[in-house]
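Note sheet for the following structure.
The values are calculated or read from the model by the stated rules, or taken from the named source; none is laboratory data. As the structure is a prediction and not an experimental result, all values here were calculated from the model. Virtual Cβ from ideal backbone geometry, glycine too; neighbours counted across all protein chains shown. Note: areas computed on protein heavy atoms with side chains; ligands, DNA, RNA excluded. Shrake-Rupley method; radii C 1.70, N 1.55, O 1.52, S 1.80 Å.
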Amino acid sequence: MISFNPHTPQRRHHICLQDYWAAPRPPAMSDPITLNVGGKLYTTSLATLTSFPDSMLGAMFSGKMPTKRDSQGNCFIDRDGKVFRYILNFLRTSHLDLPEDFQEMGLLRREADFYQVQPLIEALQEKEVELSTAEKNAMLNISLNRRVQTVHFTVREAPQIYSLSSSNMEVFNANIFSTSCLFLKLLGSKLFYCSNGNLSSVTSHLQDPNHVTLDWVASVEGLPEEEYTKQNLKRLWVVPANKQINSFQVFVEEVLKIALSAGFCLDSSHPHALDFMNNKIIRLIRYR
């Protein structure tokens, strides 16, 4: 029999190893993570949550952003818990899987925008094009109006020295009606207002699923950026081209690109050619 003296260095070393294995250890990076999203619990891995590093989830779970905890110690996100399953499945597979009767596309699009999973945002846009083109016959009618107004603003020429200036500004209005609600949502997801220094999708301004009214202004040379906010002047951008719409010509070109990709074509019988050339009325149709 071999005996050990408890006072020998070997025995002390053995006790230290026992203490090490008995001590609580922090969770390994591969351990499951449970999320509480709006009251619904989801369990996944760190690798899944950080599969798109540039997303908000990637930033949260790589330590770049703080995370909140619920009373059970789960990571808490105050967002819609029901549609998060589709976002989580996309993180796992990079594929958008939705049931055929899915009715919450607008909510899912807003959640994807919140989490900033760019490939998912693009997949949703493609899905909306697919759903839109799957609809039966549809009509799209756009009436355009333009006016010029004078805008007054102050210019800082030196510390404590200001002068009053004015300039003419183009103001645009577009009344858009479509029998295809899905196409109108698709169009709205590509047009963004620039207000208070932020971009916001015009889909948030949709009150009637078949109709939307857009009002915006062209940029004015010399007008300070803060004046747009002060005077509540909204500019219009189209994505993903990241192009500001400063004229009806650009607006018509961008809308036509989106509509033609969704299966629409110009109505040869209406409007009158002169109205179309003057960018007053645009009517497109789609046959199925």
Would you check which residues across region 90-144 are at pLDDT 90 or above, small (Gly, Ala, Ser) and either over 16 Å from the mean Cα position of the chain (by Cα) or in a loop (DSSP other than H, G, I, E, B) (or both) and list them?
-> 94, 143
Please give the number of the condition residue 227 fails out of (1) closer than 23 Å to residue 121 by Cβ; (2) surrounded by fewer than 18 Cβ atoms within 10 Å (Cβ to Cβ); (3) in contact (Cβ under 8 Å) with a residue 24 or more places away in the chain; (4) not basic (Lys, Arg).
-> (1)
Scanning region 159-196 residue by residue, those within 30 Å of residue 107 (Cα to Cα), part of a strand (DSSP E or B) and touching a Ser or Thr at 6+ places or on another chain (Cβ under 8 Å) turn out to be 173, 174, 175, 176, 191, 192, 193, 195
Among 220, 202, which is the only one that is farther than 19 Å from residue 264 by Cα, open to solvent by less than 30 Å² (accessible area, probe 1.4 Å), modelled with pLDDT under 90 and more than 21 Å from the chain's Cα centre (by Cα)?
-> 220
Unmet requirement for residue 103, which otherwise passes all of (1) open to solvent by 50 Å² or more (accessible area, probe 1.4 Å); (2) without any contact (Cβ under 8 Å) to a residue 24 or more places away in the chain; (3) of a type outside the set (A, V, I, L, M); (4) touching a strand residue (DSSP E or B) at 6+ places or on another chain (Cβ under 7 Å) = (4)
The one condition in (1) within 20 Å of residue 284 (Cβ to Cβ); (2) of a type in the set (Asp, Glu); (3) touching a Lys or Arg at 6+ places or on another chain (Cβ under 8 Å) that residue 208 fails to fulfil | (3)
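Looking at 147, 156, which one is open to solvent by 60 Å² or more (accessible area, probe 1.4 Å), part of a strand (DSSP E or B) and in contact with a Pro (Cβ under 9 Å, 6 or more places away or on another chain)?
156
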Could you identify the single residue in 180, 195 that is touching a Lys or Arg at 6+ places or on another chain (Cβ under 8 Å) and crowded, with 20+ Cβ neighbours inside 10 Å?
-> 180
